[in-house]
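J.: There's a structure below that I have some questions on.
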Amino acid sequence: MAHPMIAPSILSADFARLADEAAAVADAHWLHVDVMDAHFVPNLTLGLPVVQSLLKATDIPLDCHLMIEDPGRWAPPYAEAGAHNVTFHAEATDNPVAVARDIRAAGARAGLSVKPGTPIEPYLEILKEFDTLLVMSVEPGFGGQSFIPDVLDKARAIRRLVDAGELTLLVEIDGGINADTIEAAAEAGVDCFVAGSAVYGADDPGEAVRKLRERAAHASPHLTLAP
Ligand code: DX5
Ligand code: ZN
């Protein structure tokens, strides 16, 4: 059985101290980096230069979540820079397969993300082109929002396909994950849990990661803390 993956989101970290904030969660599986362009979402965060600097400042694999328009143009450079996983939004492109192939060709894993209101059925056929599916459990744009439990049906549906051997894919969830909500997500079959405010709003972010991991393992039928 696999371990629960916790991906702290630096959206809730201190942007002037990103190297320290990464070091504070050193045993996290991935570090989640929210790239927002003020067009696809009504917020602006950071872009490629900051990701390039962060890559030099931490050994934690970077999980770049691109909430941007035109990912066909902007996503591959994150892979070329050395990001481990590059996720873009299904709603942002007419050709997600081409974007995924470019990301993989540049050496990263490719992720597809869907907003809470976006169904997954139209994308089932193309998910074999991806390594991760990022199910948004809040409207993308801001940290600290409340978890939308309805989206767990999408996680369950993909979990069934993965367990049936029809897909090889990590199921990731993003938005409103904390000690109260992570168990429901784990029960639904999520592998990787993004948490921003629940980690960086805690007095000890490293301890918050460990606690979330324990709760996920406790609630999940397919994840464990055992070696
Ligand atoms: C929201 C971002 C999330 C955000 C999650 O658009 O994609 O990654 O950081 O923050 P919390 O965990 O506070 O909901
Ligand atoms: Zn995110």
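The values are calculated or read from the model by the stated rules, or taken from the named source; none is laboratory data. All values derive from a computational prediction rather than experimental measurement. Virtual Cβ from ideal backbone geometry, glycine too; neighbours counted across all protein chains shown. The accessibility values were calculated without ligands, DNA or RNA, using every heavy atom of the protein model including side chains. Shrake-Rupley method; radii C 1.70, N 1.55, O 1.52, S 1.80 Å.
J.: Inspect segment 40-48 for any residue being of a type in the set (A, V, I, L, M, F, W, C), in a helix (DSSP H, G or I) and within 15 Å of ligand 2 (Cβ to nearest atom) and give the result as yes or no.
T.: The answer is no; no qualifying residue exists.
J.: What's the total number of residues in segment 143-167 that are loosely packed, with under 13 Cβ neighbours inside 10 Å and touching a residue at least 40 places away in the same chain (Cβ under 8 Å)?
T.: Of the residues in that region, 1 qualify.
J.: Sticking with this one: Looking only at segment 149-190, count every residue that is within 16 Å of ligand 1 (Cβ to nearest atom) and outside any helix (DSSP H, G or I) and tell me the total.
T.: So the count comes out to 13.
J.: Being of a type outside the set (Val, Ile, Thr) and more than 14 Å from ligand 1 (Cβ to nearest atom) narrows it down to one residue among ALA23, ALA13, ALA38; which is it?
T.: ALA23
J.: Something else about it: For residues that are more than 15 Å from LEU170 (Cα to Cα) and more than 13 Å from the chain's Cα centre (by Cα), scanning just segment 124-142, find the one that is farthest from ligand 1 (Cβ to nearest atom).
T.: The extreme case among them is GLU125.
J.: Examine segment 182-191 for a residue that is within 15 Å of ligand 2 (Cβ to nearest atom) and crowded, with 22+ Cβ neighbours inside 10 Å, and state whether such a residue exists.
T.: Yes; the residues of segment 182-191 include at least one that is within 15 Å of ligand 2 (Cβ to nearest atom) and crowded, with 22+ Cβ neighbours inside 10 Å.
J.: Follow-up. For segment 202-227, give me each residue that is part of a loop (DSSP other than H, G, I, E, B) and either open to solvent by less than 60 Å² (accessible area, probe 1.4 Å) or at positive phi (or both).
T.: ALA202, SER220, HIS222, THR224, ALA226
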